[in-house]
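The values are calculated or read from the model by the stated rules, or taken from the named source; none is laboratory data. Model, not experiment: these values are computed from the prediction. Every residue, glycine among them, receives a Cβ derived from its backbone with ideal geometry; neighbour counts consider all protein chains shown.
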Amino acid sequence: MKDWLPSIELALLSMIILRLLSGSFELTAAILMYKFNSIEKALAINAILAVVGPIVLVLTMTIGLVGIADQMKFSNLLIVGIGVALILYGLNR
């Protein structure tokens, strides 16, 4: 286990951990929905997930962009940033 950990970049490891946490939230929400056995409570849990999902998206994209910022031209980085902004805009409409 010690052999592969130093070879992973910190930005990538952070993105992986965030996605694992996000997946854990999703599984926990599904278990809670099953446990409560109520549509009203399931909708409330789903509403919380609707907030968590975009936050995780923005955080992972930000970490990824910061991680590769020194390897990309500014114009390409700007295009990716505009793409993320359009995704967030589309989510809010």
Check your understanding: Would you pick out the residues in the stretch 28-59 that are part of a helix (DSSP H, G or I), free of Cβ contacts under 8 Å to residues at least 12 places away in the same chain and farther than 26 Å from residue 84 by Cβ?
Key -> 28, 30, 31, 34, 35, 36, 39, 40, 41, 42, 43, 44
Review point. Is it the case that residue 64 is surrounded by 11 or more Cβ atoms within 10 Å (Cβ to Cβ), assigned to a helix (DSSP H, G or I), touching a residue at least 24 places away in the same chain (Cβ under 8 Å) and on the phi < 0 side of the Ramachandran plot?
Key: yes
Review point. Within the stretch 67-89, can you find the residues that are loosely packed, with under 13 Cβ neighbours inside 10 Å, at pLDDT 85 or above and not small (Gly, Ala, Ser)?
Key: 71, 73, 74, 76, 78, 79, 82, 86, 89
